[in-house]
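The values are calculated or read from the model by the stated rules, or taken from the named source; none is laboratory data. Not measured: the values here are computed from a predicted model. When we count neighbours, we look across all protein chains shown, and the Cβ atoms used for this are built from the backbone with ideal geometry, even at glycine. In case anyone asks, the SASA skips ligands and DNA or RNA and just uses the protein heavy atoms, side chains included. Shrake-Rupley method; radii C 1.70, N 1.55, O 1.52, S 1.80 Å.
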Amino acid sequence: MGFLVSAWNRYKWSYFFIAPSMFFFFIFLLYPVFRVFLLAFQEWALKGSKWVGLRNFQDIFFGLSSKLFWYTMEHTVLYAVVVVVVWIVTALVVAGLLQPLDNRVQSLYRGAFYLPYVTSIVIISLVWIWIFNPDYGFFNWLLGLAHVEPLRWLVDPKIALWSVILSTILIVPGSGVVLYSAAIGSIPRELYEAAEVEGASAVRKWLHITIPLLQPTTLYLTVIYTIAAFQVFDRVFIMTGGGPINATTTIVQLIYATAFSDFNFGKASAEALVLFVIIAAFSAVQFKLLSTEVEY
Amino acid sequence: MPVTLSQRRTARQRLTSGLAMTAFIYGLLTMDALVSLFPLYWMFNTAFTPGSEVIKLPPELIPKNPSLENFHLVVKAAPNIWRWGANTLFIALVTMGLHVLFDAMSGYAFAKRRFPGSRVLFWLVIAALMIPGQVTLVPLYIMISDMRRVLTEITAGWPQYSVIVEAASNYGAVILPGLADVIGIFLMKQFIQTLPSELEEAARIDGASELNIFTRIILPLSAPALAVNAIFAFQRYWYAFLWPLVVLQKQEYYTLQVGLSFVYRSEFGTNYGLLMAGAAMAAIPMIIFFFAFQRYFMAGIRIGALKG
């Protein structure tokens, strides 16, 4: 008994300090994670769920609707690959262009590049709907000036996904520019000076000094942008709702529809687990990177 | 040593090529910035263009007759828009405030105190960083629905309080799961473990209580991290869309993001002037907030990068 009392006295404050956040963490995060593993193997009903083994997964991968799932995966992967590649290249180029400028000018530009992300994706997506409007939208007006036939950007199933992708990649990734700029700041000046003595051009310096030395940041950004791209939802939901005829449905959009249009909670949970596995694989890479160098 | 003609020429050439280079850099960057900022500019442009002129070709690049007509229209069409703004602010502020306090408390415990279970718990926190929010969407929805049903049943006997119950049920559904986020714990732990332990120990020898050590020493020293965590949390809950969309049941309790998507899906969805005015109203507070706290936003990006 005395041992317990002294242990309690010794540790009570520690438990007091972690209690509030651990309370919410266990109830609203750990427990739902545990529950999603159960739900994925159940057919959910308000009055008692039924175990169905692997049927939800069978449904997803081989069932009648499996075509939609693979179609959805295709969209998500295409979106992720294009967006991540363009974003990384854009951020690298922009950060490289910013490098020789005065610090205050740099931070002005960084602010400008980050400003679009300050408003929400919902807001920006509403503006894109207007820009993409087939009759009075800005883009079709531009095409008209160039004597190009107007496009039905978000309405034509053949190009709707590309329109969503275009709306994403036209905006310079502000976070990538900020992170790259910070990393560039820590590259030793002498390296560039040595290259200048040898008469290297700005482009060669960028290619042979900046890019190789930024590799950790590049790897890191690639992983976090890929994870974010696999979770794309807001802009798809607002701009197209996954349509037309599922032409823009992504994984999270599919989970949302399965859960809240079909009310098939079991299958939605199984789909969420598939997303979880994909993201966990990328997260493992991210975690590896983080444990090798945590930078602030 | 006399400067030869050829040397002079290269110096001059270098100068002009340097100038051309600078002009080129500025040109490219400015073009990039203009394209990036175009949607925001177009939103304000359309919002201030009176209704009939919005759907006109060619579009006006600057409103010829700027007016607030669209803003009046959107307030009339969606009278709840002020309420949505207040809801969003309320939810974001409450979640932020509790996060700042709770994250600092547990960050301090994990950084500076040893207790049985601390390693396992912190390992769980790190593991949870990898779990995307959508994974828990369905089980959380079921849990919250159950909690709401129980709340309604318990309070069924007091119909006079039904308004309060309804408010608690809607705000709670958004706020409570928001408090489970662990990124702030990680951030605070990383920061607090860089603080020297001598101050704490000296205070402990002087007989200061554990609570005082936390409030008088740890909290003031952590001010920069607290600010970053605050802004970062505020942004997360201000922008949140999927979860509020799923759990908010009545228009009065919508957040701005959910409300705007609702206006778009309503009969006013094709009135772009009205829609852009609504979007602008929702965007302005965050834009002001950004310019006021730009430094912390930029620091938040680096932490945001951790979560992805």
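So here's what we get for this one:
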read-out	value
Span-like helix ranges in chain A, DSSP H, alpha carbon extent 18 angstrom or more, Kyte mean at least 0.0	A:2-25, A:66-98, A:215-230, A:265-292
Per-selection Kirkwood Rh - region A:111-162 (Cα, Å, 1 d.p.)	12.2 Å
Above-threshold pairs, the threshold being 22 Å between Cα atoms, out of A:67/A:158; A:288/B:189; A:50/A:267; A:12/B:112; A:158/B:56; A:50/B:250	A:158/B:56; A:50/B:250
FRET efficiency, residue A:146 to residue A:31 (Cβ-Cβ, R0 56 Å, nearest 0.05)	0.50
Calculated [θ] (222 nm, deg cm²/dmol) that DSSP helices of n ≥ 4 give over the protein assembly as shown, each run adding -39,500 (n - 2.57)	-23000 deg cm²/dmol
Area hidden from solvent between B and A (accessible, protein heavy atoms only, 1.4 Å, total, Å²)	9000 Å²
Charge dipole magnitude, Cβ of K and R +1, D and E -1 - region B:80-307, Cα centre, debye nearest 20	380 debye
Rg(Cα)/(2.2 N^0.38 Å) for the protein assembly as shown, N = residue count	1.07
Residue-normalised accessible area of region B:113-175, given per residue in Å² at a 1.4 Å probe	52 Å²
Net charge of neighbours whose Cβ lies under 12 Å from the Cβ of residue B:243, counting Lys and Arg as +1 and Asp and Glu as -1	-1
Chymotrypsin sites (Phe, Trp or Tyr not before Pro) restricted to region A:112-201 and DSSP loop, no more than 11 other C-beta within 10 Å	none
Mean Cα-pair separation over length for chain A, i.e. relative contact order, pairs under 8 Å, 6 or more apart, %	27 percent
Candidates per trypsin sites (Lys or Arg not before Pro) in region A:18-61, loop by DSSP, up to 14 other Cβ within 10 Å	A:47
Globularity index of region A:11-122, i.e. its alpha-carbon radius of gyration over 2.2 N^0.38 Å	1.80
Accessible area (Å², 1.4 Å probe, nearest 10) - residue A:262	100 Å²
Heavy-atom surface of region A:173-296, accessible at 1.4 Å and reported per residue (Å²)	42 Å²
More than 26 angstrom apart: percent of Cα pairs within chain B	63 percent
Protection-proxy order for peptides B:170-182, B:57-69, each taking the mean of Cβ atoms within 10 Å per residue, highest first	B:170-182, B:57-69
Relative contact order (%) - region A:153-280, alpha-carbon pairs under 8 angstrom, separation at least six	26 percent
Euclidean distance of C-alpha centroids, region A:188-221 and region A:61-113, integer Å	23 Å
Those residues of region B:43-85 for which accessible area with every protein chain present is at least 30 Å² below the isolated value (1.4 Å probe)	B:55, B:57, B:59
Percent RCO, i.e. relative contact order, over chain B, from Cα pairs under 8 Å lying at least 6 residues apart	32 percent
